[in-house]
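The values are calculated or read from the model by the stated rules, or taken from the named source; none is laboratory data. As the structure is a computational prediction, the values presented were derived from the model and not from experiment. Note: ideal-geometry Cβ built from the backbone for every residue, glycine included; neighbour counts use all protein chains shown. Areas reflect the complete protein model, heavy atoms only, side chains present, ligands, DNA and RNA absent. Shrake-Rupley method; radii C 1.70, N 1.55, O 1.52, S 1.80 Å.
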Amino acid sequence: MDQLTQAAETYELSHRTLTVLQALLTFLPSRHIPTGPAGIVFASNQRLSERLHGMPESTLRRHLAQLLRAGIVSRHDSPNRKRFARNRGGEITAAFGFNLAPMVHQADAIGHAAGKAQARQEELLALRDEVLMLRAELMRQTGHETELAELAKLLRRKSDEAELQSIVEKLKNLLESGEETVLVAEETSTAYIQNERHIQDSDIIHFDSEGQGAHTSDTFKCQRALSADKVQAVSLSQVLTACQEHQYFFPESLRTWSDLERISDKIAPMLGIDQPVMIEAKRIMGAEAAAVTVLCMLEKANAIRSPGAYLRRLTQMAHDGAFTLQPMLMALANRQIVS
């Protein structure tokens, strides 16, 4: 029975059909299926339905028919198709009903099918693990938010081997193309630094690329990531002046950086940012810088389609030394002036 449960897909048996088979087995006097009339279950549909906790007889007949089609049981009918048995001396000499002998005859085939089903399941699990590992690598790169969102939908459903193999190949191609893009970007960045050192630090690259009158850019200024001890380059008053949306949710006064961190930890899940993403941001940026970043994202929540992916991208930029808080805060301040 355990092996047949593993091979249920091969025999096209549903969970409820197996439950009906289990109910038939309970009418036998022992855990083994005897040969001859003693292996025939002659219980009526009503008794079977009672043992199946009130399963409707129409449903019961449908599952019995499926067991017959699969060859797991067979019918041993009386002339009038009634189910009954005749006893002599305490032993069953004749019985009419559902014969469970085919289950014994197919024991080897069922075991073989169960082994193949288990091997196939292990292959699927291995492929799924490979997909998850590749996805984790892809999350460390930027620019793949759309692909990651589609992948999340695919992983919610049960995929077959061909679909999982296709996903693996697609992820590998994305990772290879991403590595090539990083190499090109590094070469371009090196050339830019060598040839453009005359650009002044006062040039502002704004966080808000959609605001009216705001200066736009595809990347932030190349600069080392802010650590916790460098965040004081941005004053707390400057942050609170630029970021005011949090007051609608948490009106209490923020007097210290610790207060700011505490509020950002509450805002992050409200924006849909998962805890692992926030922890990674704190590790790379520093706790204070990550907190300021979350407050800035709250200001532009309507324009950010995927806050989690957005924060991952900023975290990657901080890791690469291409992220600073000052442009974000200045962009928000300029937006307030324009509005």
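Worth a mention:
- Residue list for the stretch 143-167, filter: within 30 Å of residue 9 (Cα to Cα) and buried (at least 16 other Cβ atoms within 10 Å of the Cβ): 151, 159, 164, 167
- Of all residues in the stretch 67-114, those being of a type in the set (Ser, Thr, Tyr) and in contact with a helix residue (DSSP H, G or I) (Cβ under 6 Å, 6 or more places away or on another chain) number 1.
- Looking at 125, 151, 155, just one residue is under 16 Å from the mean Cα position of the chain (by Cα), closer than 20 Å to residue 273 by Cβ and modelled with pLDDT of 75 or more, and that residue is 151.
- Single residue of 328, 317 found to be closer than 21 Å to residue 286 by Cα and at pLDDT below 85: 328
- Strands (runs of 3 or more DSSP E) fully within the stretch 67-142 counting 3 or more residues that are open to solvent by less than 60 Å² (accessible area, probe 1.4 Å): 91-99
- Tally of residues being surrounded by 13 or more Cβ atoms within 10 Å (Cβ to Cβ), modelled with pLDDT of 85 or more and assigned to a loop (DSSP other than H, G, I, E, B) across the stretch 241-260: 3
- Filter pass, residue 271 being touching a Leu at 6+ places or on another chain (Cβ under 8 Å), within 23 Å of residue 330 (Cα to Cα) and open to solvent by 10 Å² or more (accessible area, probe 1.4 Å): yes
- The stretch 4-60, residues that are in contact with an Asp or Glu (Cβ under 9 Å, 6 or more places away or on another chain) and either in contact (Cβ under 8 Å) with a residue 24 or more places away in the chain or loosely packed, with under 13 Cβ neighbours inside 10 Å (or both): 37, 38, 46, 48
- Taken as a whole, the structure places residue 104 among residues that are modelled with pLDDT under 90, of a type in the set (Val, Ile, Thr) and under 18 Å from residue 24 (Cα atoms).
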